[in-house]
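What follows is one structure encoded as structure tokens, with my remarks underneath.
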Amino acid sequence: MNIPSKRRLTTALTIIGMTLTGAANAAAVSGSSSGYGAYVNITTVADPVLNLNVSPIPQGAAGTAPAPYNRYDEVWSLDVSDSVCVTSLLGGCISSISASVGTGLLTGYAASDVDGGSGVRFASATGTVDDATVNAGTGTVLNLIGSMVLGLSSTTLSSSALVSGDYGAFTPMGSSIIEGASLQVAGLNLITLDANAAPNTLVDPLGALSLLGLTVMLNEQMTNCTAASCGIAVNALHLIFNDFAVGSGLLNGDIIFGHAEANLVATPSAVPVPTAAWLFGSGLLGLVGVARRRNSQ
């Protein structure tokens, strides 16, 4: 076979390969998202037990797709507290420990446009709490004299989470809003919490909070993405207690303000090769065969 014939054969086979190869796209087959203002789960390990437990609130801002959804929920306020007597005398309490969590408006929002079709889709959520406060302390002499071990106050704590894209091309995005937030722990000076905190900012002046058994995380972001799925969760403020001493009690657990999370799952799908493309490819193969016979003659 001469060189021009080889080139014609190569060109023809290339065209056939391009014709018979189905293009690929993707379908976002499922999505989910949720947002809430507050979650509280703290307890002491010693008897008597102090316990504060509040499920994510509000609970109605969550959804799964398909079909597309748009959910909003709000709760006007949260006010929970617990106090236990540690030492009593003659029927009266002379030493106690207490904890409380209070807020203003709590809101959550979740949305997704996943409908089972192909192409770019999204899932998103926000969670916000206004005027959040946390207090934990001790009381003595019939609770008339006490000391504050932990104090937190804030104006607004809010987080947002978004995942968009399709198979192999997901984009997760998270952010937090922290306004008017400050913290006082075990006599430490008032700590102003950074309004422009970078993702996963740990607040621990001189390592003192970790020594006391308290972790304070701002704009906490957790992302887990592969070609087939992607998820992101964001907490505006996360308090983690690990044997944090409140009087004679050791406090353990979590308090989260402003939570949002979003997830997408997608699958690749091959586009079927049209019948016309098969016919075109067969015709090209026939032409190549004719050309080879002519060259051999």
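The values are calculated or read from the model by the stated rules, or taken from the named source; none is laboratory data. Note that the coordinates shown come from a computational prediction; the quantities given were computed from them, not determined experimentally. Glycine gets a Cβ as well: all are built from the backbone with ideal geometry, and neighbour counts include every protein chain shown.
Summary of computed values
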{"read-out": "In the range 177-206, residue surrounded by the fewest Cβ atoms within 10 Å (Cβ to Cβ) [restricted to those that are among the aliphatic types (A, V, I, L, M) and in contact with an Asp or Glu (Cβ under 9 Å, 6 or more places away or on another chain)]", "value": "ALA195"}
{"read-out": "Odd one out for GLY207 among (1) farther than 30 Å from SER30 by Cα; (2) modelled with pLDDT of 95 or more", "value": "(2)"}
{"read-out": "The range 32-59 - residue that is outside any strand (DSSP E or B) and touching a Phe, Trp or Tyr at 6+ places or on another chain (Cβ under 9 Å) and, of those, farthest from SER81 (Cα to Cα)", "value": "GLN59"}
{"read-out": "Residue in the range 60-73 that is part of a strand (DSSP E or B), among the hydrophobic types (A, V, I, L, M, F, W, C), at pLDDT 95 or above and touching a strand residue (DSSP E or B) at 6+ places or on another chain (Cβ under 7 Å) present", "value": "yes"}
{"read-out": "Only one of ASN224, ASN189, ASN196 that is under 25 Å from SER33 (Cα atoms) and assigned to a loop (DSSP other than H, G, I, E, B)", "value": "ASN196"}
{"read-out": "Filter result (surrounded by 17 or more Cβ atoms within 10 Å (Cβ to Cβ) and acidic (Asp, Glu)) within the range 34-81", "value": "ASP73"}
{"read-out": "Cβ-Cβ under 9 Å pairs, at least 6 apart or on other chains, the range 208-222 side touching a residue at least 40 places away in the same chain (Cβ under 8 Å), far side aromatic (Phe, Trp, Tyr) and in a strand (DSSP E or B)", "value": "LEU214/PHE241; LEU214/PHE244"}
{"read-out": "Which numbered condition PHE170 misses (of (1) under 26 Å from TYR72 (Cβ atoms); (2) free of Cβ contacts under 8 Å to residues at least 40 places away in the same chain)", "value": "(2)"}
{"read-out": "Per-region count, the range 85-135, residues small (Gly, Ala, Ser), assigned to a strand (DSSP E or B) and more than 30 Å from SER175 (Cα to Cα)", "value": "5"}
{"read-out": "Filter pass, ALA245 being assigned to a strand (DSSP E or B) and in contact (Cβ under 8 Å) with a residue 60 or more places away in the chain", "value": "yes"}
{"read-out": "Test: residue in the range 122-135 that is modelled with pLDDT of 95 or more, surrounded by 16 or more Cβ atoms within 10 Å (Cβ to Cβ), of a type in the set (A, V, I, L, M) and out of contact with any Ser or Thr (no Cβ under 7 Å at 6 or more places or on another chain)", "value": "yes"}
{"read-out": "Residue among ALA65, ALA38 that alone is touching a His at 6+ places or on another chain (Cβ under 9 Å) and aliphatic (A, V, I, L, M)", "value": "ALA38"}
{"read-out": "Scan of the range 151-170 for residues that are in a strand (DSSP E or B) and among the β-branched types (Val, Ile, Thr), ordered by number", "value": "THR156, VAL163"}
